[in-house]
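Read the structure below first, then the notes.
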Amino acid sequence: MVVGNFLAIVLVMEMILSGFWDVTGRFSLIQRRITRQKDSPANLSLRGYEVIDEAKEAVENQCPGVVSCADILAMAARDAVFWAGGPVYDIPKGRKDGKRSKIEDTINLPPPFFNSSQLIKMFGQHGFSVQEMVALSGAHTLGAARCSSFKGRLNSVDPTLDTGFANTLAKTCSAGDNAEQPFDATRTTFDNLYYNALLRKAGVLSSDQTLYATPKTRSIVNGYALNEAMFFFDFQRAMLKMSTLDVKEGSNGEVREDCHKIN
C-alpha cells in the first residue's frame, strides 16, 4: 500500500468515526446481512483496515477489553499526521465503539461536487466554523482521488480548472475510473501544497477548488498557502474538536474484541 494513501485513509476514517457526518457505527462491521459503511461508494477509496486490525490485536493481547477500535483509529489518525510531517496534537481517550455500521449512515458524507456554500452548511451543522472547515479540508494534502470522483469536471469547460491540469486529469482517467490522481505534488507529506494547488486552479475535486473560487473562503486558502504554520495550528485545533464529537459512552457503546463484529 502507498504510505500516503494509508495516511489519508486513517484521517478520513477518523472523521467518519467521530460522528462528524452522522456515522454512528464507528467501524465497519463484517457480518452477514449487514451492508457495511466501508462498502459505500462514498468510501471506496478507504483501504488499510488490516493495519487497524493488527493494532487492535496487539492491544488486545496486552490489555483485553480496554481500548476501543474508535480510540485506536483516532490515535492512528493523529500519528499519521505526525509521521507525515504534520503538527503534533493530542486527543482525549476512552471512547467506545458503536453497535451498528450500515451503508445508509454514509448518506451525509460530502460528495466531491459540493460547492463551498454546501460545505459550510454541512460543517456548520456540526458546530464547525468556515475557517475550521477549510483547515480540515487540508487533510487532502495526503493521498489521492479516484477518477470516478472528478471525471465529471472534464465533460465540459470548467472555468475553475486550469487547462493544463485538466489535461493531466484526463490522462489519469484514461486508465479507468479507479485510476488515482494525487491531491498535490507531495501525496505522502503533510504540508500546505494542497492550498497552493488551489491557487493555480489545480484542485482535484470540485469540492477542493470551490474553496478558492468562493470569496468567503478564498482569503483563508490564501492564508494557509502563504503560512504553513497557521494551517498546522488551525488543523490540530479542528481535529481535537472533531475528536470530541458524538462520543459513545456507557450503554451507548462497547469495547469490541474484534473491530469487525459486535461483541
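Yes or no: segment 132-147 includes at least one residue that is open to solvent by 60 Å² or more (accessible area, probe 1.4 Å) and outside any helix (DSSP H, G or I). Checked segment 132-147: no residue is open to solvent by 60 Å² or more (accessible area, probe 1.4 Å) and outside any helix (DSSP H, G or I). A single member of F114, F123, F165 is hydrophobic (A, V, I, L, M, F, W, C), modelled with pLDDT of 90 or more and closer than 25 Å to M239 by Cβ, and it is F114. Residue pairs whose Cβ atoms lie under 8 Å apart, separated by 6 or more positions or on different chains, with the first residue in segment 156-169 and closer than 14 Å to A197 by Cα and open to solvent by 60 Å² or more (accessible area, probe 1.4 Å) and the second part of a loop (DSSP other than H, G, I, E, B) and of a type in the set (G, A, S), are D162/A202.
Taking I107 and the conditions (1) crowded, with 20+ Cβ neighbours inside 10 Å; (2) of a type in the set (A, V, I, L, M, F, W, C); (3) modelled with pLDDT under 90, which numbered condition does it fall short on, given that it satisfies the others? Of the numbered conditions (1) crowded, with 20+ Cβ neighbours inside 10 Å; (2) of a type in the set (A, V, I, L, M, F, W, C); (3) modelled with pLDDT under 90, the odd one out for I107 is (1).
Check whether at least one residue in segment 182-192 is outside the structural domain of A84 (by the TED database), outside any loop (DSSP other than H, G, I, E, B) and open to solvent by less than 20 Å² (accessible area, probe 1.4 Å), and report yes or no. Talk me through it step by step, then tell me what you get.
Of all residues in segment 182-192, those outside the structural domain of A84 (by the TED database) come to 182-192.
Still in the list and also outside any loop (DSSP other than H, G, I, E, B): 182.
Now drop any that are not open to solvent by less than 20 Å² (accessible area, probe 1.4 Å), which leaves none.
Scanning segment 182-192 turns up no residue that is outside the structural domain of A84 (by the TED database), outside any loop (DSSP other than H, G, I, E, B) and open to solvent by less than 20 Å² (accessible area, probe 1.4 Å).
All told, N263 meets the bar of being without any contact (Cβ under 8 Å) to a residue 40 or more places away in the chain, in a loop (DSSP other than H, G, I, E, B) and open to solvent by 20 Å² or more (accessible area, probe 1.4 Å). Residues in segment 232-260 that are within 20 Å of W83 (Cα to Cα) and open to solvent by 30 Å² or more (accessible area, probe 1.4 Å): F232, F233, Q236, R237, L240. In summary, helices (runs of 4 or more DSSP H) completely within segment 202-246 and bearing 2 or more residues that are out of contact with any Phe, Trp or Tyr (no Cβ under 7 Å at 6 or more places or on another chain) and within 20 Å of I91 (Cα to Cα) occur at 228-242.
Is it the case that G94 is open to solvent by less than 20 Å² (accessible area, probe 1.4 Å), in the same structural domain as I72 (by the TED database) and of a type outside the set (A, V, I, L, M)? Give the steps one after another, and end with the answer.
On the way: open to solvent by less than 20 Å² (accessible area, probe 1.4 Å): no; in the same structural domain as I72 (by the TED database): yes; of a type outside the set (A, V, I, L, M): yes.
Here the answer is no, as G94 does not meet what is asked.
The values are calculated or read from the model by the stated rules, or taken from the named source; none is laboratory data. None of the values given here were measured: they were computed from a predicted structure. As a convention, Cβ positions derive from the backbone with ideal geometry for all residues, glycine included, and neighbour counts pool all protein chains shown. Calculation scope for accessible area: heavy atoms of the full protein, side chains included, ligands and nucleic acids excluded. Shrake-Rupley method; radii C 1.70, N 1.55, O 1.52, S 1.80 Å.
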